[in-house]
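Worksheet: one structure, shown below.
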Amino acid sequence: MTENDKASSWPTVADRSLSAAIAVDHLVKVYKQTRAVDDISFSLPRGSITGLLGGNGAGKTTTIATIMGLVLPTSGRVQVLGHRMPEESASVLGRMNFESPYVDMPMRLTVRQNLTVFGKLYAVKNLSDRIAELGDDLDLTEFIDRANGKLSAGQKTRVALAKALINQPELLLLDEPTASLDPDTADWVRGHLERYRKANNATILLASHNMLEVERLCDRVIIMKRGRIEDDDTPEAIMARYNRTTLEEVFLDVARGRVNGAQEVAR
Amino acid sequence: MTEISLHRGISLHRIGAMILRYWYLLLSSWPRLLELLYWPALQVITWGFLQLYIAQNANFFARAGGTLIGAVILWDILFRGQLGFSISFLEEMWARNLGNLMMSPLKPIEFLLSLMIMSLIRLAIGVIPMTLLALFLFHFNVYALGVPLIAFFCNLIFTSWSVGIFVSGLVLRNGLGAESIVWTLMFGIMPLACVYYPVSVLPVWLQYVAWTLPPTYVFEGMRALLIENTFRTDLMLSALAINAVLLVASFGAFLALLRSARMQGSLLSGGE
């Protein structure tokens, strides 16, 4: 593909209403000598749930941070909900949200105060009602007037999820959304995310090390290794291609460099 | 979305949200509130008694009553104004909340405007009791300066914001390892700003450097007012002109440092 071909394949302003929720085009991110993301391209349709898999240092967090506009790409382009990031971020940040273990909610503020501040930042209408609704949905009511710093890890994760949902985002970026949660609560959160996606036709991109979570939630999986995309397909197709019955086995194959052998078997 | 918006999309709604966030924080912690009052009070008491002692032994200070204590109050406006700005910013770094804010619709200019307003609120909490202490303990009424006090205050607060914006950009770019700059940079300015002595005391070459700093004009202006009963409008206008340049330059530097932080990925870490 020539540079001109690449340019012509990039959505124009006229295409934006029809464009993907996320379009990443030949994205490269280099930190000094480290090539954290190495020429990746993918596009996520609206209403999909996609899992971003990979070991530590695979480039997942940098990819998500670049999509959010927190990191500037070395080269390549990112478009979110039809808008170039970060140039047109002002048009799109109010329609998306995220949760990440790399950020916290202010510890001294109560859950209600935190949600009030973020609700106002996102210009949420009927904010009190929205906070009450989230309090019921995510089971926060019992500790909604307690300082965030006094909550358990699992409660904090639910509060962070409430913040991520405060503006009913069209696009939700989640980095390890069920980390620190007990299995029961984690399962309940997954159910909530599924219901949210269906009810709002929201697009969800989640990075996770929990393969069961990805198998259950995602209709597509992107596997990254050393900044590159190793595979990109439905969970079932990937497992079939690697001749494995679980994504965890596929993950281990990729992490331990057994990719070629597995592909040989699949062929 | 019903937002009160100003020119170029600045949202009062979002600025209000940030002020609410810092207000909640202040109210949640009595040590934070106490600290706002403690240091200014300590300053004015120490220097006030020193001035009383000197005035008993030196004719000049007896004549120029209030120059020392006036300098202490004005210096605190400059220093506490910058700290009020920078500490609100640091709260976001300490809380690892910066990523949440940067990913929200909050714009950098709105963030900075909210920090400016918070610096005024924090300053009021600390400095108003300090001025009352000066009045009741040492019979120095800073409010008697009248209109010149407004000129002094505005020029000092503008300088404090410029410094606050610049050092916040440095911390944003370099993480909390650069935090010490927040606490120390203003003290680097202090000898050149001629807080407690006239500019003429400095070597001639250093006087040129001193006159590039707006606070130098303010402290010279204060001495002219208290010693000679003359309000030097020329000094205030010069300070205002330099402040305008500094504010624009510091905002430009902040945006450049924010871009650099995005290039380096330091908005995600924010650590040392």
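Out of all the residues in segment B:86-104, is one or more crowded, with 20+ Cβ neighbours inside 10 Å and more than 14 Å from chain A (Cβ to nearest Cβ)?
Checked against the condition, which is being crowded, with 20+ Cβ neighbours inside 10 Å and more than 14 Å from chain A (Cβ to nearest Cβ), segment B:86-104 yields at least one hit.
Considering only segment B:206-236, how many residues are farther than 17 Å from B:Ser160 by Cα and not charged (D, E, K, R)?
Result for segment B:206-236: 15.
Would you call A:Lys198 away from chain B (no Cβ under 12 Å), free of Cβ contacts under 8 Å to residues at least 60 places away in the same chain and among the basic types (Lys, Arg)?
Details: away from chain B (no Cβ under 12 Å): yes; free of Cβ contacts under 8 Å to residues at least 60 places away in the same chain: yes; among the basic types (Lys, Arg): yes.
Against the criterion (away from chain B (no Cβ under 12 Å), free of Cβ contacts under 8 Å to residues at least 60 places away in the same chain and among the basic types (Lys, Arg)), A:Lys198 qualifies.
In segment A:76-117, what residues are touching a residue at least 24 places away in the same chain (Cβ under 8 Å) and over 19 Å from the mean Cα position of the chain (by Cα)?
A:Gly76, A:Pro106, A:Met107, A:Arg108, A:Leu109, A:Thr110, A:Val111, A:Arg112, A:Asn114, A:Leu115
Residues in segment A:62-76 that are more than 18 Å from B:Leu101 (Cβ to Cβ) and either assigned to a loop (DSSP other than H, G, I, E, B) or at pLDDT below 90 (or both): how many?
Of the residues in that region, 2 qualify.
Quick check, is A:Leu134 touching a residue at least 12 places away in the same chain (Cβ under 8 Å), surrounded by 19 or more Cβ atoms within 10 Å (Cβ to Cβ), away from chain B (no Cβ under 11 Å) and in a helix (DSSP H, G or I)?
yes
So, in segment A:28-59, of the ones that are in contact with a Gly (Cβ under 7 Å, 6 or more places away or on another chain), outside any loop (DSSP other than H, G, I, E, B) and within 14 Å of chain B (Cβ to nearest Cβ), which residue ends up surrounded by the most Cβ atoms within 10 Å (Cβ to Cβ)?
The qualifying residue surrounded by the most Cβ atoms within 10 Å (Cβ to Cβ) is A:Val37.
Might you check whether a residue that is touching a residue at least 40 places away in the same chain (Cβ under 8 Å), surrounded by fewer than 23 Cβ atoms within 10 Å (Cβ to Cβ) and touching a strand residue (DSSP E or B) at 6+ places or on another chain (Cβ under 9 Å) occurs anywhere in segment B:59-70?
No, that holds for no residue.
Specify the residue that is farthest from B:Leu170 (Cα to Cα); the eligible residues are those in segment B:69-125 that are basic (Lys, Arg) and assigned to a helix (DSSP H, G or I).
So, considering only residues that are basic (Lys, Arg) and assigned to a helix (DSSP H, G or I), the one farthest from B:Leu170 (Cα to Cα) is B:Arg122.
Just for segment A:77-125: of the residues that are closer than 13 Å to A:Leu161 by Cα and more than 9 Å from chain B (Cβ to nearest Cβ), which one is modelled with the lowest pLDDT?
Going through the qualifying residues, I end up with A:Pro101.
Answer with yes or no whether B:Gly177 is more than 27 Å from B:Gly48 (Cβ to Cβ) and not hydrophobic (A, V, I, L, M, F, W, C). Spell out the reasoning first.
Values: more than 27 Å from B:Gly48 (Cβ to Cβ): yes; not hydrophobic (A, V, I, L, M, F, W, C): yes.
Considered against the rule, which asks whether it is more than 27 Å from B:Gly48 (Cβ to Cβ) and not hydrophobic (A, V, I, L, M, F, W, C), B:Gly177 comes out as yes.
What number of residues within segment B:164-182 are closer than 23 Å to B:Ala244 by Cβ and buried (at least 24 other Cβ atoms within 10 Å of the Cβ)?
So in segment B:164-182, the residues closer than 23 Å to B:Ala244 by Cβ come out as B:164-170.
Restricting the remaining residues to those that are buried (at least 24 other Cβ atoms within 10 Å of the Cβ) gives B:164-165, B:167-169.
So the answer is 5.
Just to be sure before I move on: is B:Thr216 farther than 30 Å from B:Arg96 by Cα, hydroxyl-bearing (Ser, Thr, Tyr), under 20 Å from the mean Cα position of the chain (by Cα) and assigned to a helix (DSSP H, G or I) in the structure I sent?
Yes, satisfied.
Matching residues to (1) part of a helix (DSSP H, G or I); (2) at pLDDT 95 or above; (3) among the aromatic types (Phe, Trp, Tyr):
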site	(1), (2), (3)
B:Val127	yes, no, no
B:Leu133	yes, no, no
B:Leu137	yes, no, no
B:Ala144	yes, no, no
B:Phe152	yes, no, yes
B:Thr159	yes, yes, no
B:Ser162	yes, yes, no
B:Ile165	yes, yes, no
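Condition check ((1) touching a residue at least 40 places away in the same chain (Cβ under 8 Å); (2) more than 22 Å from B:Pro148 (Cα to Cα); (3) among the polar types (S, T, N, Q)) across all residues:
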residue: B:Gly188; (1), (2), (3): no, yes, no
residue: B:Tyr197; (1), (2), (3): no, no, no
residue: B:Leu202; (1), (2), (3): no, yes, no
residue: B:Pro215; (1), (2), (3): yes, no, no
residue: B:Gly221; (1), (2), (3): yes, no, no
residue: B:Ala239; (1), (2), (3): yes, no, no
residue: B:Ser250; (1), (2), (3): yes, yes, yes
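The values are calculated or read from the model by the stated rules, or taken from the named source; none is laboratory data. A quick note: this is a predicted structure, and the numbers were derived from the prediction, not measured. All Cβ positions, glycine included, derive from the backbone under ideal geometry; neighbour counts span all protein chains shown.
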